[in-house]
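Heads up, the thing below is written out as structure tokens.
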Amino acid sequence: SYFEANDDYPQSSKNYTVVTKDLIPTTTTVNGVNGIVGKTVTITATVTNQTDSSQKVSQGTVTFKYNGDTLGQATLTSSDPGVASIDVVFNNSITGGKVIAYYTDNNEKYMDSDSSESGNNLNIGQGEVELEVTQSAHGYVDTKVEVEAVARDKNTGIIINSGKININGVSCDIVDGKVVYNYTITTSSSVTIESYFEANDDYPQSSKNY
């Protein structure tokens, strides 16, 4: 800036003012998440103006991560200020896990922040299993028939590719999404074979199938 010359005074020497833009500090938090394996859960982050918590932030992006892996991203908008949500399906049970939300503002009005200082917020319980088993098998005495079993996640319908299925008292590993059990016919009478999915960390024992 400077004084412009006129008849009475010459132009002054120039003076400079440095204007610094201060970004508004923010606070990011994540809701507690409880669900079961194979079923959709919603994870929500809230981003507020740190100098005035009643002022929710309406621009920028939130990235959700678990164990360093990105679960998804959501953009803050003026229609629902301060709130960013994603839907996630977890395929494994989790106890005392931690989802961290990272906020960044591409328009450079707000400071970046994250929820890393918060405690554990993620618990995913065991899913539900549906067992599909060959309903009937026919053969001659002293010959073998195949009994095939497939376990599915009851919520998603997806085939479970790991674990064990117990058929006729024999614990069998799931291979390529199924178990094939060879049963030797020893009598001309009908025989009922019991089968069930064995409990593991992600799924409880299924109901028995005959």
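I need the full set of residues from the stretch 75-113 which are open to solvent by 60 Å² or more (accessible area, probe 1.4 Å), touching a residue at least 24 places away in the same chain (Cβ under 8 Å) and among the charged types (D, E, K, R), in order please.
Residues satisfying the conditions are Asp87, Glu108, Lys109, Asp112.
What strands (runs of 3 or more DSSP E) completely inside the stretch 138-210 contain at least 3 residues that are among the charged types (D, E, K, R) and surrounded by 11 or more Cβ atoms within 10 Å (Cβ to Cβ)?
Passing ranges, in order: 144-153.
Tell me, which residue of the stretch 20-40 that is among the β-branched types (Val, Ile, Thr) and without any contact (Cβ under 8 Å) to a residue 60 or more places away in the chain is nearest to Asn123 (Cα to Cα)?
Looking at residues that are among the β-branched types (Val, Ile, Thr) and without any contact (Cβ under 8 Å) to a residue 60 or more places away in the chain, I get Thr40.
Identify all residues within the stretch 175-209 that are at pLDDT 90 or above and among the aliphatic types (A, V, I, L, M); write none if there are none.
Val175, Val179, Val180, Ala199
Go through (1) within 30 Å of Asp87 (Cβ to Cβ); (2) open to solvent by less than 60 Å² (accessible area, probe 1.4 Å) one by one and return the number of the condition Glu130 breaks.
So Glu130 meets the others, but not (2).
Tell me which residues, restricted to the stretch 1-57, are touching a strand residue (DSSP E or B) at 6+ places or on another chain (Cβ under 9 Å), farther than 30 Å from Ile160 by Cβ and part of a loop (DSSP other than H, G, I, E, B).
Leu23, Pro25, Gln50, Thr51, Val57 - these are the residues of the stretch 1-57 that are touching a strand residue (DSSP E or B) at 6+ places or on another chain (Cβ under 9 Å), farther than 30 Å from Ile160 by Cβ and part of a loop (DSSP other than H, G, I, E, B).
Could you say which residue among Asn200, Asn209 is touching a residue at least 40 places away in the same chain (Cβ under 8 Å) and touching a strand residue (DSSP E or B) at 6+ places or on another chain (Cβ under 8 Å)?
Result: Asn209 is the single residue among Asn200, Asn209 that is touching a residue at least 40 places away in the same chain (Cβ under 8 Å) and touching a strand residue (DSSP E or B) at 6+ places or on another chain (Cβ under 8 Å).
Within the set of pairs 6+ apart or on separate chains, which have a first residue in the stretch 128-154 that is within 16 Å of Asp202 (Cα to Cα) and in contact (Cβ under 8 Å) with a residue 60 or more places away in the chain, a second that is hydroxyl-bearing (Ser, Thr, Tyr) and not in a loop (DSSP other than H, G, I, E, B), and C-beta atoms under 8 Å apart?
Within 8 Å, the pairs are Leu131/Ser195; Leu131/Tyr196.
Could you list, in sequence order, all residues of the stretch 114-127 that are in a strand (DSSP E or B) and open to solvent by less than 40 Å² (accessible area, probe 1.4 Å)?
Answer for the stretch 114-127, where residues must be in a strand (DSSP E or B) and open to solvent by less than 40 Å² (accessible area, probe 1.4 Å): Leu122, Ile124, Gly125.
Looking only at the stretch 57-68, count how many residues are open to solvent by 40 Å² or more (accessible area, probe 1.4 Å) and either over 13 Å from Asp105 (Cβ atoms) or of a type in the set (Asp, Glu) (or both).
4
The values are calculated or read from the model by the stated rules, or taken from the named source; none is laboratory data. From a predicted model like this one, the values you see are computed outputs, not experimental measurements. Neighbour counts are summed over all protein chains in view; Cβ atoms, including those assigned to glycine, are modelled from backbone coordinates with ideal geometry. Side chains are part of the model used for accessible areas, which takes the heavy atoms of the whole protein and leaves out ligands, DNA and RNA. Shrake-Rupley method; radii C 1.70, N 1.55, O 1.52, S 1.80 Å.
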